[in-house]
1. Output the residues belonging to segment 245-271 that are over 17 Å from I197 (Cβ atoms) and open to solvent by 20 Å² or more (accessible area, probe 1.4 Å).
2. Name the single residue, out of those in segment 328-351 being more than 22 Å from E308 (Cα to Cα) and outside any loop (DSSP other than H, G, I, E, B), that is farthest from the ligand (Cβ to nearest atom).
3. If you go through segment 40-58 one residue at a time, how many are part of a loop (DSSP other than H, G, I, E, B), within 23 Å of M178 (Cβ to Cβ) and either open to solvent by 60 Å² or more (accessible area, probe 1.4 Å) or touching a Ser or Thr at 6+ places or on another chain (Cβ under 9 Å) (or both)?
4. Can you pull out every residue in segment 132-153 that is surrounded by 14 or more Cβ atoms within 10 Å (Cβ to Cβ) and not in a loop (DSSP other than H, G, I, E, B)?
5. Give segment 352-380 a look and list any residue that's within 12 Å of the ligand (Cβ to nearest atom), surrounded by 14 or more Cβ atoms within 10 Å (Cβ to Cβ) and assigned to a loop (DSSP other than H, G, I, E, B), or say none.
6. Taking interchain pairs and intrachain pairs at least six residues apart, which have beta carbon atoms under 9 angstrom, with the first residue in segment 187-198 and more than 15 Å from I387 (Cα to Cα) and the second among the acidic types (D, E)?
7. For G14, are the conditions met, namely being small (G, A, S) and either open to solvent by less than 10 Å² (accessible area, probe 1.4 Å) or at pLDDT 95 or above (or both)?
8. Can you pull out every residue in segment 154-181 that is in a loop (DSSP other than H, G, I, E, B) and within 15 Å of the chain's Cα centre (by Cα)?
Amino acid sequence: MLKGKNIVLGVTGGIAVYKAVDVVSRLRKMSANIDVIMTKSATEFVQPLTFQSLSQNYVTVDMFEEPKKWEIEHISLAQKADVFLVAPATANIIGKVANGIADDMLSTTIMATKAKVVFAPAMNTNMYTNPIYKENEIKLKALGYEFINPAKGRLACGDYGEGKLAEPVDIVEYVTNMLTNNDLEDKKLIISAGPTIEPIDPVRYITNFSSGKMGYALAKEAKSRGADVLLVSGPTNIDVPSGVKVIRVNTTREMLKAIEENFDECDGLIKAAAPLDYRPEAVSNIKIKKSGEDLNIKFTRNPDISQEIGTRKKNQIMVGFAAETNDLVKNAKEKIKKKNFDFIVLNDVSKKDAGFRSDTNIATIIDKDGHINDYPKMSKEELSKIIIDKLSELL
Ligand code: PMT
């Protein structure tokens, strides 16, 4: 699958180095060519010989050792790379690259490469949340460097939190996606996901059952195909896919504002969110006390985000969802017209294993010319591929 692809892997010093060995093994099985550059500290954890045996390539550590063939090593590896992966990436290497420091083989080669560089950070939680580290990450992201988010869990030092190197299988998937289908490169997409919530008083709110699974799966798929993805998300418990930007919102009006502010620059908008159509007309600023009486709350209309954005549409492709329980196709067709969608993904939310909260969905895609395609039950990830394929064609 990766035959002919050159991956340069930078390995920096941390306990997670052993996982990088698994990454090399997996990528080799997919026929990629891997050149490994280790920092001196990385060699304290695992010998270069381990990487050499698995990659079947000479492992570079020192800037000044006798070259194996007559090439300026850091320049030739920098030019050869189709993707430059750094895993595990310490706070130190990220800090160096962010600040233009090139003082060893790895930092020099990263500086000299024109390939996409992707860091898979691994470090202690306090280091990972340190504002200095965060500033470096933000700076590098703005310059186009990519990051595979670390996982949460028990760290080698005994602390619990973010900072564990992402699993090798996820790192390999990320790199494979970078090297294969890049049909959405240079495209900016906004994807809305999850529910919105509307406060009633300081301790209560109304919402719906949307988990965000559908929208997050779409964001992951679009990102893996090279798109610049902005997720506008209501409250969810899902990790944001690596490399995806996020604006977190609570209310429908906040969701509208976030989309409005970014819509003119985007190429496509996918409205997988389930924004509340109504909100309490008045929000009490003190907790509503229990009394012997029933409580009546008057609800007022929220804006229809898609309808408002639809009127500003120029060349953008707009994809809607329709969560229906009856008159499915008729209602969905009306929504295409009313909201100016190019196509709509209709899910019958009364069906088991479809719509809200489930890992699967059962969808019908209807386009603005009335063509209808029914799909069987599949995972939200599989459905995302189909939706993004269709969007990609239109773009
Ligand atoms: O999040 P999950 O648990 O994975 O569930 C996925 C989902 C069921 C939420 C998703 O597949 C879905 O169907 N999302 C749309 C839900 C919805 O609000 O449907 P609707 O038929 O009420 O709205 C139609 C379209 O208008 C949708 O694209 C919606 O995002 C949009 N809308 C709705 C209300 C509103 N005020 N503004 C909007 O833009």
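The values are calculated or read from the model by the stated rules, or taken from the named source; none is laboratory data. None of these values were measured; they are calculated from a predicted model. Every residue, glycine as well, gets a Cβ built from its backbone with ideal geometry; the counts of neighbours run over all protein chains shown. Heads up: the accessible areas ignore ligands, DNA and RNA and are worked out on the full protein's heavy atoms, side chains in. Shrake-Rupley method; radii C 1.70, N 1.55, O 1.52, S 1.80 Å.
1. K245, E260, E261, N262, D264, E265, D267
2. Per the stated criteria, the residue is V329.
3. Of the residues in segment 40-58, 1 are part of a loop (DSSP other than H, G, I, E, B), within 23 Å of M178 (Cβ to Cβ) and either open to solvent by 60 Å² or more (accessible area, probe 1.4 Å) or touching a Ser or Thr at 6+ places or on another chain (Cβ under 9 Å) (or both).
4. Those that are surrounded by 14 or more Cβ atoms within 10 Å (Cβ to Cβ) and not in a loop (DSSP other than H, G, I, E, B): Y133, N136, E137, K139, L140, K141, E146, F147, A151.
5. A354, G355, F356, S358, I362
6. K187/D228; K187/D267; K188/D228; K188/E265; K188/D267; T196/E254
7. It is false that G14 is small (G, A, S) and either open to solvent by less than 10 Å² (accessible area, probe 1.4 Å) or at pLDDT 95 or above (or both).
8. Within segment 154-181, A166 is the sole residue that qualifies.
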